[in-house]
Amino acid sequence: MTALARSIFKSILLILNILIFNNILSQTVPKNIDEKSGVQDTVSVSRDTVSVKKDTILPKEQLDDVVKTKAEYKSSSSISNKQTFLNKKAQIIYQDMQIDADYIRIDWETGKIYARGEQDEKGRITVPAVATQGGKKYEYNEVIYNYKTKQAIAFNARTEESEGVIVAEKTKKYNDSVFFMRKAIYTTDEYFLKKKDSLPDYHMSAPNIKLIKGKDNAQLVTGPIQMYIEQVPTPLIMPFAILPFSDKRSAGILIPSFGERQDVGFFLNGLGYYQPIGDHFDLKILSDIYTKGSWNLKPELNYLKKYRYSGNFAADYGYTVRGIKGLDDYSKTKTFRIAWRHSQDSKANPYFTFNASVDIVSSKFYNNTVNNNYIFNQNVLNTTQTSRVNVTKRFLNLPITISASMAYNQNFATDLTDLRLPDMTIAVNQFYLFKPKTGVRTGLLENINVNTGFALSNYVTTTSDKLFKKEMWDELKTGAKNNISISTNTTLAKFFTFSLSANADNVMTTKTLEKNYNPITNKVEDKYNRGIAAYSNFSTSASLQTILYGQKNFRKNSPIVAIRHMITPSVSFSYSPDFSERSWGYYKNYSNARGEMTPYSIFDNGIYGAPPSGLQQTMGFNIANNVEMKVRSKTDSTGVKKVKIFENLNISGGYNFAAEKYKWSVFSVNAQSSFFNNKLNVNSSLTIEPYEIVFTDGLDTGVRTENFGHFSLQGFNVQMSYPMSEAIFGKKEELSKIYKKKGEIRNENYFFDDDNYSHYRPTWTLNVNANYAYTRGLTRTATKVATIGLDGSIKLTPYWNINGSTNYDIEKKELGYTRLGFARDQRSFTITFNWVPFGQYKVYDFFIGIKANILKDAVKYKERSFTQPNSTF
């Protein structure tokens, strides 16, 4: 029998079981009626009573054990009836069963016990009867129990199971393991469970419930079940449910969110089923359903091995339908996503690590997704998608590290894919050629250290339609590279650090480039020739660095104590030969359209690039600055507070003595600082062109001349961020000093004024970020980008939370991506609402999640059963 057949067979048995159970309950008709309660039982009633206040132990006779009874008033009927009546604080104990009630009737011939709770003058039960068996407590209005068969029928029974409680209009106990219930509700509301509230804040209602108890766990099996919130029915109706009461992971239905999206209609998002598989795996199958025809299926397999590894496989497949079929705006787009996350525990194996982050999507996936999580998490703004698999091997007795990786990078704007299959490196740990025996290195010779390694790469850039096809394999680039670098340093004249370094690369490739001009097509054509080719390049450099300090002290009555300036200037010289000379054989020429000889490298567009052209004899400089100020402060214990003006201010540039023209490089300035107790972070950079740029009338692109000294701003960027909260306004007086009354509301402490109004101080956070970018280059008109963004939350009460984010484009004068979220924390569940009010993905999403741990798998509140920091969904 296949798994599908077994599943259908089990479902049919379950339905038959419930139908038979309904029939049994409907045919269970007691014979007699208690005058006060109106509830029937099978034990006749006698009015003769005798006051008895002592315990009675009846002979065992045909019973399996002694029956103990106790009551304020006790009477027995005639010997032929064999009945006993207990009134007021009645109690009966038989084996592990104890019943405490206001009234108990025992029929010794049939073995049936009728018990009822305390009634008021109108016949309503005010204090329920309580039955205790095996340490478990049950409450009833009335119960009929057969101590011979150990079966029972109870009315308005209340049964506590783990973190929840079941209240049923009628309950049939078949044995200690199986209970059938009619018109029952189930809730995990803590207040209702502890009887602090007569009504639960939420419950799930079912016409029929079967409670099955095992040795270590129990579970509820229901037919149709519906969720109610504050006694109001919700549209969340499930055809069946299996609710486990166990600390172990259990199968269950995944509750969806629902809402509306402008382009695809109303939806259920995340409806599915969860199934644990053994101790290390679990499976989720989620679905998204839309009224305009869109749908999505999302299976996900999670795995976890403690102290070893964890990860998951996930897929996302579906169709996005927009517009009306038959009209011009109709479209149907297929989307897919395949993802794999694997993370190795750092303690599993220090000499071998394996990690994977694979995420492959269709080119238009984020533009056509029907999974709203991608919208609320801003994944729809992604322009690239990167995947990578890494393997690293270290050795205990060998000074080498072997690494291998595969990478896959998608660019949605260009539809180009960069693929590395695979890259491998063998790195030799750094070592010193002349390491002294004492371990203390001094001088240039003893500080000489060597770094070397070998790399092998396979790389290709292709389009999605060529992926893993013959065209892609023909374009694949393969190569190997060996690198060796030697460096040393020493101290000169106590204040200067002198460094020397040399670097050499040896590269081998399997393809070389040949360029030719085609007069027919009027294009330069590239032809790649297969065959092993190699080149080498090398460079040397020397640098000198020191640190200068300067400090300005102020008068005693000045609010500024001192300003300290630290300057770290450095000068370097680098040299590399001109590898474009004919003697090296790395460069060739082709004749262009005007017949001019144009140089190119046969290694251009290769996997490791081409060796540099032009002789390099460059003098470089860098000036790093740090400026701090000390001010007087009453809040600081030392009386002085340090304020950073510039944490880092770098100015750099270079001059190439060997260049034929444009000897000076572009000057760069980078600055980083923070203000207002390190809360306002500012990062900025600018580039300055030292040569004059001349523009011709009618042309927007200028020409760079060799006229040095006409400095112009070519690029500028500044980024600022500032996190704020209520704390920036200073400490406020504590509520305990303002209000004397203190109390509790829903397990939270409040302070109350004289009119008994509760008081709570809201908390909030707000992150403000701004960005401005100016780019000019050789163009007449600069490109400007200016945005400001907000991201924050406010907790109006302990149970209400509002959060959101937005950004405004100052140049375009329009709002960008905006999201608002609301969350309401109830006693037993959480309501969340997310809303994107405008834009391409205009959507709102509503979700109700039960917080009880016992239902975390059966009615999933959290989307993951294992802790997955890299979960795909």
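The numbers here are math on the coordinates, done by the rules we state, and not lab data. Values in this document were obtained by computation on a predicted structure and should not be read as measured data. So basically every Cβ, Gly included, is an ideal-geometry build from the backbone, and we count neighbours across all protein chains shown.
Given R₀ = 56 Å, FRET efficiency for Thr384-Asp96 by Cβ-Cβ distance, to 0.05? Mind showing how you got there, number by number?
Numbers: r = 66 Å, r/R0 = 1.19.
Plugging the Cβ-Cβ distance into 1/(1 + (r/R0)^6) gives 0.25.
For the pair Ile532 and Ile484, how long in nm is the line joining their label points, each one 7 Å along Cα→Cβ?
Rounded to a tenth, the inter-label distance reads 1.9 nm.
With label points built 7 Å along Cα→Cβ from the Cα atoms of Asp415 and Glu726, find their separation and express it in nm.
It is 5.4 nm.
Please compute the net charge surrounding Tyr549, taking Lys and Arg as +1 and Asp and Glu as -1 over other residues with Cβ under 12 Å from its Cβ. Walk me through the numbers on the way to the answer.
On the way: positive: Lys552, Arg564; negative: Glu628.
So the environment of Tyr549 carries a net charge of +1.
Using a Förster distance of 60 angstrom, determine the FRET efficiency expected from the C-beta separation of Glu169 and Asn377, and round it to 0.05.
The formula returns an efficiency of 0.85 here.
Based on the Cβ-Cβ distance of Leu327 and Val785, what FRET efficiency does E = 1/(1 + (r/R0)^6) give at R0 = 51 Å, to the nearest 0.05? Spell out each step's value before the answer.
Values: r = 38 Å, r/R0 = 0.74.
Efficiency, rounded to the nearest 0.05: 0.85.
Based only on other Cβ atoms within 10 Å, what is the fewest-to-most ordering of Trp108, Trp800?
Working: Trp108 18, Trp800 13.
Starting with the residue having the fewest Cβ neighbours, the order is Trp800, Trp108.
Please report, in whole Å³, the volume per residue of the convex hull around the C-alpha atoms of the chain.
Working: hull volume 296.9 nm³, N = 873.
Considering the Cα atoms of the chain, their hull volume per residue is 340 Å³.
Mind ordering 342-353, 401-412 by average Cβ neighbours within 10 Å, highest first?
Working: 342-353: 13.3, 401-412: 16.9.
In descending order of packing, they fall as 401-412, 342-353.
Using Cα-Cα distances under 8 Å and only pairs 6 or more residues apart, what relative contact order does the chain have, in percent? List each step's numbers first, then the result.
Values: 2124 pairs, mean separation 51.3, N = 873.
So the answer I get is 6 percent.
I'm checking a number: the convex hull volume of the Cα atoms of the range 431-524, normalised per residue, in Å³. What is it?
Working: hull volume 20.2 nm³, N = 94.
Dividing the Cα hull volume of the range 431-524 by its residue count gives 215 Å³.
Would you tally the net charge around Asn589, using a Cβ to Cβ cut-off of less than 10 Å, leaving Asn589 out, and scoring K and R as +1, D and E as -1?
+2
Counting helices only, and only those DSSP H runs with n ≥ 4, report the 222 nm mean residue ellipticity of the chain as the sum of -39,500 (n - 2.57) divided by its residues, in deg cm²/dmol to the nearest 500.
Working: 7 runs with 51 residues, N = 873.
Value at 222 nm, helices only, nearest 500: -1500 deg cm²/dmol.
Could you give the angle, 0 to 90 degrees to the nearest 10, between helix 3-27's Cα long axis and the longest principal axis of the Cα atoms of the chain?
Result, in degrees: 30.
What is the sum of charges around Tyr432, taking Lys and Arg as +1, Asp and Glu as -1, for the other residues whose C-beta is under 10 Å from the C-beta of Tyr432? Please report the intermediate quantities before stating the final value.
Details: positive: Lys435, Arg441; negative: Glu446.
Charge balance in the 10 Å sphere: +1.
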